[in-house]
């Protein structure tokens, strides 16, 4: 819980105590005003606490996603062909075992000669 939220909660508690004392002394107008102020401070504190929790949850999810990305990037894929080993993964040879890519264009004339997509 953040510091402003705690301050608002303490203010609501103080106003509630003041409202209780006003009720004990039969000062009804001050009781109503203090109770209304306590309610407002408590409502604002609850909204601030909800916002703080939402931000913390979003940051935790982003941290976990970044951790998964780091783990996925740390794993080097297994070599699929002899050309891949010698070209640092940039070129694939005719003996490549990777799956065929889906067709990207309709014209065979514009296709790249190294394209292994379905004709």
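Legend: ranking of residues 22, 30, 78 from fewest to most surrounding C-beta atoms inside 10 Å; resulting order 78, 30, 22. The ellipsoid that matches the Cα gyration tensor of segment 3-74 has semi-axes, each √(5λ) in whole angstrom, of 45, 8, 6, with the longest given first. Computed on segment 3-74, with alpha-carbon pairs under 8 angstrom and 6+ residues apart, the relative contact order is 34 percent.
No lab work stands behind these numbers, since they all come straight from the coordinates. Because the structure is a prediction, the values reported are computed rather than measured. Every residue, glycine as well, gets a Cβ built from its backbone with ideal geometry; the counts of neighbours run over all protein chains shown.
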